[in-house]
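The values are calculated or read from the model by the stated rules, or taken from the named source; none is laboratory data. What you see is a predicted model; the values in this text were computed from it and never measured. Here the Cβ positions follow ideal geometry from the backbone for every residue, glycine too, while neighbour counts run over all protein chains shown.
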Amino acid sequence: MLSSLSLRPRKVLEIGTHIGTSTVYIAAALQRLHGDGLVTTVDIFDVDDPKQGAWKEVGLRKSPADCLKALGLSKHVPFQVGSSQDYMRATPERYDLIFLDGDHDAWAVYEELSLALPLLQENGAILLHDFYPGGNPIRSNGHAIGRPFRAIARAQKEDPAIQVLPLGELPWQIQRGSNTTTLALVLKRG
Ligand SMILES: C[S@@+](CC[C@H](N)C(=O)[O-])C[C@H]1O[C@@H](n2cnc3c(N)ncnc32)[C@H](O)[C@@H]1O
């Protein structure tokens, strides 16, 4: 499954900017891989708002845009304020990688998946956050979010060409001594 994928993406769409953690990492990876490349990041809220942005609420010193500026990564990141669904319905762009990390409600993930699949370039893939296979815990803390799994299960029932590859164990630690990630690649065969 992995061999045909575009694992050196140049055009990325991110759904769910929030405090910009993943945006910064993706932008840094684009810079390192290509020296160019774009990660368009969409959030329903204005994440850079000086008073109400999530970065302010969690006590960070910099907004996502200011972090990117400080790291010399601004050129990689167009910000979009609005709903993921509206953006994906309207955009004429196609992407190598679409990272779904917005609303984790089962219906929202199902809808975003349906909108995202046609936006993929050939050999492109979706990266889904909080995918717990079977809706079960994958770490010793017993925590699980079942809704993204349910969304994918429904999509696969309707279209068996949809494949999911949970990334499982990574070579580096993620949190609380665990290497197990809830990231999963999703793509459509053929
Ligand atoms: C889990 S956070 C994203 C975390 C982010 N990727 C990071 O690393 O900091 C989810 C974000 O999705 C946004 N969101 C929720 N529903 C959305 C929608 N329908 N369209 C766009 N963004 C949405 C929320 O406002 C929130 O900022």
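Table: residues versus (1) within 12 Å of the ligand (Cβ to nearest atom); (2) in a helix (DSSP H, G or I); (3) at pLDDT 95 or above.
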| residue | (1), (2), (3) |
| --- | --- |
| MET1 | no, no, no |
| SER6 | no, no, no |
| GLU14 | yes, no, yes |
| LYS56 | no, yes, yes |
Taking the conditions exactly as written (within 14 Å of the ligand (Cβ to nearest atom) and in contact with a Lys or Arg (Cβ under 9 Å, 6 or more places away or on another chain)), does LYS62 satisfy them or not? yes
Selection from the range 123-150 of residues that are under 21 Å from LEU7 (Cβ atoms) and in contact with a strand residue (DSSP E or B) (Cβ under 7 Å, 6 or more places away or on another chain): GLY124, ALA125, ILE126, LEU127, LEU128, HIS129, PHE131
Pairs where the first residue, in the range 142-166, is more than 12 Å from THR182 (Cβ to Cβ) and the second is among the aromatic types (Phe, Trp, Tyr) and exposed (fewer than 15 other Cβ atoms within 10 Å of the Cβ), C-beta under 8 Å, 6+ apart: ALA151/TRP107
Does GLY35 satisfy the condition of being at positive phi and not basic (Lys, Arg)? yes
Looking at this structure, is LEU68 in contact with a helix residue (DSSP H, G or I) (Cβ under 8 Å, 6 or more places away or on another chain) and either within 13 Å of the ligand (Cβ to nearest atom) or in contact (Cβ under 8 Å) with a residue 60 or more places away in the chain (or both)? yes
